[in-house]
Amino acid sequence: MRIVNISSKYRTILADEINYCRAKINAESDLRKKAYYYSSAYGMTRRIFNLEFDPQLQFIDFILNSSYQAIFSRIAIFMSGDNTIPITDEFFDGLSNCLELLEDRIRNNEDTYDVLEKIVNLMSTIDGNGYYLMQKGVPVYTE
């Protein structure tokens, strides 16, 4: 997949936002607040591609937005009392690691596809099928 074709100014703004988002996720203990801070990542991708459109950036936005929706949904289910599939600190540690990689790739204008793939695989750990596969010993997400 090609490298994001946006100006270095916007790459820096996006990388800085991802860094801030990651720091807030790491510092927070409340699941809902972790998700809230995660939403800032796709919020910034959206603002930037509205100013300087790029198909790769739109793909990044799609993955970040979709993953936020999956996290938000899992937290809502968990908070309603259904703890069949837990959402843990380890999950957010994995998310933070993915964000660190994504920040680095964007900052250095490098390919982001494998990082986005990691985010998608991480999200499968909090959905029914992915969680089931993990219970069977299938490594659906690896760092």
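The values are calculated or read from the model by the stated rules, or taken from the named source; none is laboratory data. Everything quoted here is computed from the prediction, not taken from an experiment. Here Cβ is always computed from backbone atoms with ideal geometry, including for glycine, and neighbour counts include all displayed protein chains. Keep in mind that these areas ignore ligands, DNA and RNA; they rest on the heavy atoms of the full protein, side chains included. Shrake-Rupley method; radii C 1.70, N 1.55, O 1.52, S 1.80 Å.
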³J(HN,Hα) computed for each position of region 113-128 - Karplus, 6.51 cos²θ - 1.76 cosθ + 1.60, integer Hz, glycine/proline x: 4, 5, 5, 5, 4, 4, 4, 4, 5, 4, 4, 5, 6, 10, 10, x
Residue among 26, 108, 50 with the largest mean-square fluctuation in a Gaussian network model of the chain, springs linking Cα atoms under 10 Å: 50
For region 92-143, accessible area per residue (1.4 Å probe, heavy atoms of protein chains only), Å²: 50 Å²
Surface accessible to a 1.4 Å probe, residue 100 within the full protein complex, Å²: 90 Å²
Exposed-loop-free span, longest in the chain, where trypsin sites (Lys or Arg not before Pro) count as exposed if DSSP calls them loop and at most 13 other C-beta atoms lie within 10 Å: 3-135
Computed FRET value (nearest 0.05) for residue 39 with residue 114, which takes r as the C-beta separation and R₀ as 25 Å: 0.60
Reach of residue 24 by Cα under 27 Å, taken over lysines that are not fewer than 8 positions away in the same chain: 9, 33, 34, 118
Carbon plus sulfur fraction of accessible area for the chain, probe 1.4 Å, in percent: 51 percent
Cα-based helix-to-principal-axis angle, 31-51 vs the chain, degrees rounded to 10: 30 degrees
Given charges at beta-carbon only (K, R positive; D, E negative), |dipole| of the chain in Debye: 320 debye
Mean separation of Cα contacts under 8 Å, 6 or more apart, over the residue count of the chain: relative contact order %: 30 percent
Low-density loop positions, chymotrypsin sites (Phe, Trp or Tyr not before Pro), region 1-106 - DSSP coil, at most 16 other Cβ in 10 Å: 53
In degrees, nearest ten, helix 55-79 long axis to first principal axis of the chain (Cα): 30 degrees
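What translational D, rounded to a whole number of µm²/s, comes out for the chain from Stokes-Einstein when the hydrodynamic radius is the Kirkwood one over Cα pairs, at 20 °C and 1.002 mPa s?
139 µm²/s
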